[in-house]
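Below is one structure; the comments refer to it alone.
The values are calculated or read from the model by the stated rules, or taken from the named source; none is laboratory data. Model, not experiment: these values are computed from the prediction. Quick reminder, even Gly has a Cβ in these numbers, built from the backbone with ideal geometry, and neighbours come from all protein chains shown.
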Amino acid sequence: MAGSQLILHTLMCNVQPVDGSRRGEFEAEMNRKVKPLGSLGQLESLAIDLALMSGRTGVINHAELFLFAADHGVAQTGVSIAPQAVTAMMVEQFTRGTAAINSVCTTTNTPLNIIDAGLLNTVNHVSVIDTAVARGTQNFQHEPAMSEAVALSSILAGFKLIEHHISKGCDCVLLGEMGIGNTTSAAAIMAALTSFYTSECVGHGTGVSDEVVELKVELISKALLRIDDISDPLQVLQEVGGLEIAQMVGAMLASASLKTPVVIDGFICSAAALLAVTIEPNVRGYLIFAHLSDERGHEKMLSELHAKPLLKLGMKLGEGTGAALAVPLIRSAAACLAHMGTLEQVGLA
């Protein structure tokens, strides 16, 4: 086993499954709270899931959003209405505090970490964390998006970043992304790792025409023919993935290995989750899916992941906006299980 693959194997071995045997214990604790049974609806199941992840009841004090940005070679084929330069331009907006994610993070009191996971044109700003292993991917219409070494090193970079932040007190990891062309990569990952037709996975992304959607379907279908083992998530990542997607896979492995919940944003983040869960199925127990994106394919991808999203707002922006909007729900769910009084305490038991 090569060095990088050995490291990945070690990371996977550190991910332990959530202790499902304690679900009844936490459900009973929730049922003793001062409220009618089940009256908090999905908040109750969310609170129990959070307790299972960490192995205890407790509040979420230090949720942080990690926005991974990288460029995609496939953007050169016209799969997006936006030019490739918009990736770096949006990162500049993040640093200035003028993007949608800045507004949402401010109102939900969520720290924003801007990650350069592989920009072609770097953004020199004190708030940008550079974890890039490469400067953009290759155009997967003609060749693999990245080498095996770059894919594995990118996963490791994402792992180390999140491991560091959790060691400093982060207790809930939120994932977001930015990368012109990454909806095409996400659709390709979905088509490779599920039984859905490529046409069911490809949507209009930033608002492209039906003709461009057809181009994306054809482009992805041909690229997937190059993959020797379509069930191998690392091969899929290498052939059609993105550098930000690879680092998000590492972020999920790190969070799960440290029993920390991970909040998944939309379609692209869910594709990274699909990769992570295929690499190490135990990761699934630590994932919370923030919202149902309006991007075609997301509902089917969520069904593949057996996920019930918290929100349905017709959003498809990315950036982690859905994840950040879910923070108050997640904090509230954890607080209810940790701090609500019991029926016994008020003499109603």
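Whether any residue in segment 107-127 is touching a strand residue (DSSP E or B) at 6+ places or on another chain (Cβ under 6 Å), of a type in the set (A, V, I, L, M, F, W, C) and part of a helix (DSSP H, G or I) is what I want to check. No, segment 107-127 has no match at all.
Restricting to segment 287-301, and then to whatever is among the aliphatic types (A, V, I, L, M) and outside any helix (DSSP H, G or I), can you tell me which residue is surrounded by the most Cβ atoms within 10 Å (Cβ to Cβ)? Only one residue fits best here, namely Ala290. Checked against the criteria, Ile166 does not count as assigned to a loop (DSSP other than H, G, I, E, B), in contact with a Ser or Thr (Cβ under 9 Å, 6 or more places away or on another chain) and either touching a residue at least 12 places away in the same chain (Cβ under 8 Å) or not assigned by TED's automatic domain parsing to the domain that holds Asp228 (or both).
Specify which of the listed residues (Thr95, Thr110) is in contact with a helix residue (DSSP H, G or I) (Cβ under 8 Å, 6 or more places away or on another chain) and in contact (Cβ under 8 Å) with a residue 24 or more places away in the chain.
Answer to the selection: Thr110.
Per the listing Arg56, Arg23, the residue uniquely surrounded by fewer than 19 Cβ atoms within 10 Å (Cβ to Cβ) and assigned to a helix (DSSP H, G or I) is Arg23.
Please go through segment 182-232 and give me each residue that is among the β-branched types (Val, Ile, Thr) and assigned to a helix (DSSP H, G or I), ordered by number. Thr183, Thr184, Ile189, Thr198, Val212, Val213, Val217, Ile220, listed by residue number.
Do we have Ile101 as part of a helix (DSSP H, G or I) and touching a strand residue (DSSP E or B) at 6+ places or on another chain (Cβ under 7 Å) here? Break it down stepwise before answering.
Numbers: part of a helix (DSSP H, G or I): yes; touching a strand residue (DSSP E or B) at 6+ places or on another chain (Cβ under 7 Å): yes.
Taking the combined requirement at face value, the residue satisfies it.
This table checks each residue for (1) touching a Leu at 6+ places or on another chain (Cβ under 8 Å); (2) assigned by TED's automatic domain parsing to the domain that holds Thr137; (3) part of a helix (DSSP H, G or I); (4) surrounded by fewer than 24 Cβ atoms within 10 Å (Cβ to Cβ).
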residue: Met248; (1), (2), (3), (4): yes, yes, yes, no
residue: Thr260; (1), (2), (3), (4): no, yes, no, yes
residue: Ala271; (1), (2), (3), (4): no, yes, yes, no
residue: Ala276; (1), (2), (3), (4): yes, yes, yes, no
residue: Gly285; (1), (2), (3), (4): yes, yes, yes, yes
residue: Ser303; (1), (2), (3), (4): no, yes, yes, yes
residue: Gly314; (1), (2), (3), (4): no, yes, no, yes
residue: Glu319; (1), (2), (3), (4): yes, yes, no, no
residue: Cys336; (1), (2), (3), (4): yes, no, yes, yes
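Matching residues to (1) outside the structural domain of Val249 (by TED's automatic domain parsing); (2) farther than 21 Å from Ala157 by Cβ; (3) surrounded by 15 or more Cβ atoms within 10 Å (Cβ to Cβ):
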| residue | (1), (2), (3) |
| --- | --- |
| Gln16 | yes, yes, no |
| Ala28 | yes, yes, no |
| Leu40 | yes, yes, yes |
| Ser45 | yes, yes, yes |
| Phe68 | no, no, yes |
| Ser80 | no, yes, yes |
| Ala88 | no, no, yes |
| Val91 | no, no, yes |
| Ala100 | no, yes, yes |
